[in-house]
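Working notes, structure below.
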Amino acid sequence: MDRCAALRRACLLLAGLLLCSACATLAAIEPREFAESADQARYEALIEELRCLVCQNESLAESNADLAADLRAEVAGQILAGRSDAQIVDYLTARYGDFVLYRPPFKPVTWALWLGPLALLLMGSFVVWRTARTAGGSEALTEAEQQRLRTLLDEEDSR
Amino acid sequence: MTRFLLPLVVLAGLVALLAVGLRLDPAHVPSPLIGQPLPDFETGLVQGEGRLDAQTLRARGPLLLNVWASWCAACRDEHPLLMELAPHLPIYGLNWKDEQAAARSWLGRFGDPYRASLHDPGGRIGIDLGVYGVPETFLVDAQGVIRYKHVGPLTGAVLEREILPRWRALTQASAS
């Protein structure tokens with residue numbers, strides 16, 4: 001009975017902690033409501049795709065850095081001013097470079113980034129294919145090997 | 001022997017790749033503004049009633065533009081170096097996301113190395129300059145074009161290796 005209660009308490013505590021962390025994520029950025037739901041969707045998609053420069057492993061949507069808040073306000077302001085997604089992205093890349101994009105454009109400096117995984121996959125497939133082929137072991141014995149096998153068997157018989 | 005050769009080559013390649021990777025600074029953001037003219041702005045100054053616009057500042061190059069704030073601890077670290085530099089080359093400040101009173105008292109306490117400090121409380125000029133952390137230092141040439149940007153506090157080594165050689169090249173170019 002006691003153990004049951006303790007377990008229940010532990011579960012409650014865990015649930016509470018999970019809830020807290022969920023709240024913390026929600027509270028990280030300021031809420032922003034647009035009159036048009038299309039604008040709202042564009043805003044949320046854009047800040048999800050843009051990278052925070054201060055905490056570089058977070059998007060603008062996740063980061064509670066001061067600069068991220070400024071850039072979110074900038075994105076929102078430009079959406080309300082009627083600028084297109086491409087114009088907003090151009091505005092930010094002109095100042096911060098491709099670095100702000102979680103999906104950098106395909107160009108010579110990013111070839112390795114985009115094609116690297118594919119190249120590694122091809123190399124891996126080649127290694128697997130070659131290993132599988134040599135380990136298949138369907139080859140017949142050579143003449144010399146058959147000769148050796150025969151002598152071994154003959155020795156066995158004569159013993 | 002040869003069966004170890006390929007894995008060894010692959011391992012060596014991987015080690016080389018990781019060694020290079022470890023030396024790179026992931027926080028370094030290459031600025032697309034290098035080679036571009038100083039972006040437009042028009043703003044008040046931290047000290048005094050004057051105002052300054054980009055056109056005027058561009059004409060005053062070559063110069064250093066140092067982005068700072070009174071709340072920035074690393075700015076405090078590089079400050080003595082700026083004080084030392086100030087008599088020798090023109091340094092302008094961009095007081096980024098700061099309160100004027102706090103900025104003024106900071107300069108009063110530690111000294112003012114700037115010919116003028118642009119006041120940018122909202123961080124608008126900072127965004128146009130691609131500022132993402134203070135301190136940052138821009139080297140602007142006689143044509144008002146940004147030639148180099150250093151992110152983080154200036155140190156003697158950075159000055160010696162990155163800033164001063166470029167500075168000398170710029171001043172020689174503008175003198176001839």
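Only helical runs count toward this figure. For chain B, summing -39,500 (n - 2.57) over DSSP H runs of n ≥ 4 and dividing by all residues gives -12000 deg cm²/dmol at 222 nm.
Classify region B:96-176 from the C-alpha gyration tensor, please: rounded if a/c falls under 1.5, else prolate or oblate depending on whether a/b exceeds b/c. Prolate, since a/c reaches 1.5 and a/b exceeds b/c. Gap in Å between the Cα centre of region A:23-99 and the Cα centre of region B:104-176? With region B:104-176 and region A:23-99 each reduced to a Cα centre, they are spaced 28 Å. Here the Gaussian network model covers chain B, with springs between Cα atoms less than 10 Å apart; of B:Leu38, B:Leu94, B:Leu85, B:Leu85 fluctuates the most. With a 10 Å cut-off between alpha carbons and a GNM built on chain B, which of B:Ala19, B:Ala103, B:Ala86 moves the most? Looking only at B:Ala19, B:Ala103, B:Ala86, the biggest GNM fluctuation is shown by B:Ala19. Among the protein heavy atoms of chain B, carbon and sulfur supply 60% of the accessible surface, probe 1.4 Å, non-protein parts ignored. Based on Cα atoms of region B:1-119, Rg over Rh with Rh as the Kirkwood radius reads 1.28. Electrostatic tally near B:Asp128: other residues with Cβ closer than 10 Å to its Cβ, Lys and Arg +1, Asp and Glu -1, net 0.
Rounded to the nearest 10 degrees, the angle from helix B:164-175 to the longest Cα principal axis of chain B is 60 degrees. Computed from Cα positions, the angle between helix B:2-23 and the longest principal axis of chain B comes to roughly 10 degrees.
The values are calculated or read from the model by the stated rules, or taken from the named source; none is laboratory data. Every value quoted in this text rests on a predicted model; they were computed, and no experiment measured them. Because the Cβ atoms are built from the backbone with ideal geometry, glycine has one as well, and the counts that use them run over all protein chains shown. The protein model used for the area step is the full one, side chains on, heavy atoms only, and it has no ligands, DNA or RNA in it. Shrake-Rupley method; radii C 1.70, N 1.55, O 1.52, S 1.80 Å.
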